Amino acid sequence: MRRLMQGNEAVFRGALAAGASYYAGYPISPSTEILNVASGWAAEHPEFGFLQAEDEIASANAVIGASLAGAKAFTATSGPGFSLMQEAVGYAQKVGVPSVFVNVQRVGPATGMPTMPGQGDIMQVRYGSTGDYTPLAFYPNSVAEAFSTTVLAFNAAEESRSPVVLLSDTFVGHLNEVVDPEELAAAATVAPRELAPLGRHEFGSPRFFAGVLMYEHGPNAGEPATADADEYLRQYYAAKHRHLEVANRYALYQHGWNVDAQTLVICYGIVSRVAAPLAPDYALFRPIRIHPMLGDELRAIAERYEHIVAIEANDGQYADMAELTLRREVKRVPLLGGRISMEALRAGLDRVLGGGPAEPPIPLAPTEAVERSPLGIG
Amino acid sequence: MAETALAELNYKSKLKLALFPTIWCPGCGIGTIMMQLAMVLDEMAMDETNTIIVSGIGCTGRMGSYMQFESVYTLHGRTLPVAEAIKTVRPEMNVIVVAGDGDTASIGGNHLVHSIRRNVPVTVLCNNNEIYGLTGGQTGPTTPTGTKTLSSPSGNPNTPINLQGIVRSSPHALYAKSTVYHQTHLRNAIREAIEHPGFSFVDITSQCIENNGRRIGFANANEMLTYYRKGYKRAPKDADTLGPMEIGVLRPEAERVGNGAARPLVVEAAPAVETPRPKAAPVDDEEKARKRAESQQKLALMQKLSPETKVRVAKGEISLADALLEAGVEEGPA
Ligand SMILES: Cc1ncc(C[n+]2csc(CCOP(=O)(O)OP(=O)(O)O)c2C)c(N)n1
Ligand code: SF4
Ligand SMILES: [Mg+2]
């Protein structure tokens, strides 16, 4: 039945449709509704595991435990909580734990501006944990897409055996749109769990899941390989290739608006919705798969345009990746401090296309009292 | 079984002997804990299909890799959230945590406190060697006041953490204290802890000869064991707390109402509520496991249907069984 649904709730419903049966989390705006909905669901479905953890470190590690035990498991947080989860994310990458980490972004760093929308975690998702790894991350821009992209994130997690990140933001998370949840659920294709749960493996010897290097096969299987660079190479590249191969199945993006325009605008998440009035005069490239970078796809599209401008609610994080990929200038319109408005966006576009800098003119500090912000410390 | 002769025990089948010798220093106390745990698990007929070992990081953490059980070697300090989630997803499993004092009470201290609060039904074996062994002998949370360590060259100025007090802050938790010298006592304590239905914690004093003992004046491991033998006494059976040099098992005080000095949940008779929500019936663990399997199977079966049929099933227009019949799909294993 069609009904109004919030973006955050859609993430939870999508997770259910993907077969999730465990959630752990710690309250933080603007992701909290996911935790709330999960707790309500768990109260009525005792087979659904739920933990309100003592902190995000516990949530992330609980998700890892639940997944190894056989459940499709996930957590949701915002930038500060995601920072606390980084060690666990790296561990899940190394051990190969299928899991989903939802990051509903707000303005950072640190406690930042808790009620304001931001997109400052693009790089945290890519490089936040220690060591090298190849994360997969997706970023929807509507309630229906939040649902379907969550399903896809779970599938990609199973297929790549890795922690997949679902990005969102204050606005996408709090957006209410009409969707038909049954239809969305029915459209979901669900990847099966292949990793045998703890205690149910079918090999000769019990497994040892370790964040350190162990021989996986051969005569030394199960023994430490912490000083063997060859084994490191074998395992590192096997994981990398597996992740990239799965990512290729989900090379999701939107190329639209006026595709014959001179300027290609890159934006994603809520910014791509706010920017909709640019439709007549600009072409749009909206990556849904944020990581790994959509290299071939963007290269093929970018060729057709004279200018490329990345409009994002951070100081050019995706623009950096795009520039590196395209090896040509990508202009930047940073929408900072939560100001994701059409005025700021147009002013920025006019500025950079007129040859001006990415940095907006900085207003002088007021000499008279301005309207006070609520002291948002969530 | 308490006093069964060691020789009769088949505990070696619980160890990955092919990986021996272990990485531990000669004279280290960890091996004794592992042996006693293996004996208990053997006695209790526990095997890799019903028992999971979750270990922390540190010398102690390596125990998981030497045991014939499925094991998760977690991040430093994160054993308990991992163990709790495993227990939630697989309530039929017996989940045992093995970790050092630093892992359990310092970096993992917050998880410890909250796992106790939630009465997570897992057993923690804390190898309390009063030192950060693996990193070379720095002060840990249980290092006694005055002890000289690599990081407290003029003696630890702080009071060690009160593990007994922390565990006993919950009326549901079992706290046991033993040492690697008192092996029969240790074995019985481990067994009792595993059998306890709620959170249980075995605080095991053991020697780190290499990175602690020698620095504080013991010539060898044997001297440390002799010190445990002479110093530690069994507490009276009905003891309610253990003194600093006492070993024993403190069973939960079931009569207490809530945590610590918690107040009772219900205060006054509340005005009648119009439509009380039906209280979810208590579901036992097997029921949970069955329901989970059922819902997973249902999901898998749904995948065999066309999108249109899925919508009809989701909307309740047709039952799943009928839809499968209509589509000519076998209901067999998904
Ligand atoms: C996040 C993190 N911080 C620090 C370390 C380094 N480290 C490894 S083991 C250890 C302490 C071990 O002490 P304890 O838990 O008492 O175990 P023991 O070696 O004494 O058995 C530390 C600090 C680590 N692995 N991870
Ligand atoms: S350093 Fe200490 S705790 Fe670690 S193996 Fe050696 S004796 Fe045991
Ligand atoms: Mg220690």
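Key figures for this structure:
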| read-out | value |
| --- | --- |
| Evaluation of residue B:84 against (1) without any contact (Cβ under 8 Å) to a residue 60 or more places away in the chain; (2) away from every other protein chain (no Cβ under 14 Å); (3) of a type outside the set (A, V, I, L, M) (one fails), failing number | (2) |
| Criterion violated by residue B:176 - all others in (1) more than 16 Å from ligand 2 (Cβ to nearest atom); (2) within 14 Å of another protein chain (Cβ to nearest Cβ); (3) touching a strand residue (DSSP E or B) at 6+ places or on another chain (Cβ under 9 Å) satisfied | (2) |
| Candidate set: the stretch B:15-26, residues that are within 14 Å of ligand 1 (Cβ to nearest atom) and not hydroxyl-bearing (Ser, Thr, Tyr); chosen: the one surrounded by the most Cβ atoms within 10 Å (Cβ to Cβ) | B:24 |
| In the stretch A:303-320, residue nearest to the chain's Cα centre (by Cα) [restricted to those that are of a type in the set (Asp, Glu) and closer than 19 Å to residue A:341 by Cα] | A:312 |
| Close pairs from the stretch A:183-203: first more than 9 Å from chain B (Cβ to nearest Cβ) and within 20 Å of residue B:90 (Cα to Cα), partner of a type in the set (Gly, Ala, Ser) and exposed (fewer than 15 other Cβ atoms within 10 Å of the Cβ), Cβ under 8 Å, at least 6 apart | A:202/A:196 |
| Residue in the stretch B:135-154 that is within 14 Å of chain A (Cβ to nearest Cβ) and part of a loop (DSSP other than H, G, I, E, B) present | no |
| Strands (runs of 3 or more DSSP E) contained in the stretch A:1-94 and holding at least 1 residues within 11 Å of chain B (Cβ to nearest Cβ) and crowded, with 24+ Cβ neighbours inside 10 Å | A:20-25, A:49-52, A:72-77 |
| Within the stretch A:108-160, tally of residues that are within 21 Å of residue A:236 (Cβ to Cβ), free of Cβ contacts under 8 Å to residues at least 60 places away in the same chain and not small (Gly, Ala, Ser) | 2 |
| Residue B:84 being at pLDDT below 95 and either away from ligand 1 (no atom under 13 Å from the Cβ) or over 13 Å from the mean Cα position of the chain (by Cα) (or both) | no |
| Residue satisfying all of: in the stretch B:157-173; free of Cβ contacts under 8 Å to residues at least 24 places away in the same chain and over 26 Å from residue B:28 (Cβ atoms); farthest from ligand 2 (Cβ to nearest atom) among these | B:165 |
| Only one of B:115, B:106 that is within 9 Å of chain A (Cβ to nearest Cβ), touching a residue at least 24 places away in the same chain (Cβ under 8 Å) and closer than 30 Å to residue A:75 by Cα | B:115 |
| Failed condition for residue A:327, given (1) outside the structural domain of residue A:295 (by TED's automatic domain parsing); (2) surrounded by fewer than 11 Cβ atoms within 10 Å (Cβ to Cβ) | (1) |
| Per-region count, the stretch B:112-138, residues more than 8 Å from ligand 3 (Cβ to nearest atom) and either within 20 Å of residue B:164 (Cβ to Cβ) or within 19 Å of the chain's Cα centre (by Cα) (or both) | 15 |
| Of all residues in the stretch B:42-53 being over 15 Å from the mean Cα position of the chain (by Cα) and either within 7 Å of another protein chain (Cβ to nearest Cβ) or charged (D, E, K, R) (or both), the one that is farthest from ligand 1 (Cβ to nearest atom) | B:49 |
| Of the criteria (1) closer than 18 Å to residue A:126 by Cα; (2) surrounded by 14 or more Cβ atoms within 10 Å (Cβ to Cβ), which one residue A:248 fails | (2) |
| Subset tally (residues that are within 16 Å of ligand 2 (Cβ to nearest atom) and within 24 Å of residue A:71 (Cβ to Cβ)) for the stretch B:77-132 | 2 |
| Residue ID - nearest to ligand 3 (Cβ to nearest atom), chosen from residues in the stretch B:53-77 that are farther than 23 Å from residue B:211 by Cβ and not aliphatic (A, V, I, L, M) | B:71 |
| Pairs, first closer than 21 Å to residue B:125 by Cα and among the polar types (S, T, N, Q) in the stretch B:206-226, second assigned to a loop (DSSP other than H, G, I, E, B) and more than 15 Å from ligand 1 (Cβ to nearest atom), C-beta under 8 Å, six or more apart | B:207/B:218 |
| Enumeration of residues in the stretch B:110-131 that are within 11 Å of ligand 1 (Cβ to nearest atom) and not acidic (Asp, Glu) | B:126, B:127, B:128, B:129, B:131 |
| Restricting the stretch B:206-245 to residues that are buried (at least 16 other Cβ atoms within 10 Å of the Cβ) and more than 16 Å from ligand 2 (Cβ to nearest atom), the residue that is nearest to the chain's Cα centre (by Cα) | B:242 |
| Checklist (1) touching a His at 6+ places or on another chain (Cβ under 9 Å); (2) buried (at least 24 other Cβ atoms within 10 Å of the Cβ); (3) more than 24 Å from residue A:49 (Cα to Cα) applied to residue B:107, failing item | (2) |
| Residue under evaluation residue B:57, criteria (1) among the aliphatic types (A, V, I, L, M); (2) away from ligand 2 (no atom under 15 Å from the Cβ); (3) facing chain A (nearest Cβ under 9 Å), criterion not met | (2) |
| Test: residue in the stretch A:337-345 that is touching a strand residue (DSSP E or B) at 6+ places or on another chain (Cβ under 8 Å) and outside the structural domain of residue A:294 (by TED's automatic domain parsing) | no |
| Enumerated strands (runs of 3 or more DSSP E) restricted to the stretch A:184-289, each holding at least 3 residues that are within 30 Å of residue B:308 (Cα to Cα) | A:253-257 |
| Some residue of the stretch A:306-318 being within 16 Å of residue A:254 (Cβ to Cβ) and among the polar types (S, T, N, Q) | no |
| Residue match in the stretch A:103-125 (condition: farther than 30 Å from residue A:335 by Cβ and either away from chain B (no Cβ under 14 Å) or over 16 Å from the mean Cα position of the chain (by Cα) (or both)) | no |
| Residue count, the stretch B:132-186 (criterion: within 14 Å of ligand 1 (Cβ to nearest atom) and of a type in the set (Val, Ile, Thr)) | 8 |
| Residue check, residue B:192 away from ligand 1 (no atom under 16 Å from the Cβ), assigned to a helix (DSSP H, G or I), more than 14 Å from every other protein chain (Cβ to nearest Cβ) and in contact (Cβ under 8 Å) with a residue 24 or more places away in the chain | yes |
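Residue by residue, here is whether (1) within 13 Å of ligand 1 (Cβ to nearest atom); (2) modelled with pLDDT under 95 holds:
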| position | (1), (2) |
| --- | --- |
| B:3 | no, yes |
| B:12 | no, yes |
| B:55 | yes, no |
| B:89 | no, no |
| B:101 | yes, no |
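The values are calculated or read from the model by the stated rules, or taken from the named source; none is laboratory data. Quick caveat, the model's predicted, so the values are computed rather than measured. Counting neighbours? That spans all protein chains shown, and the Cβs are built from the backbone with ideal geometry, glycine included.
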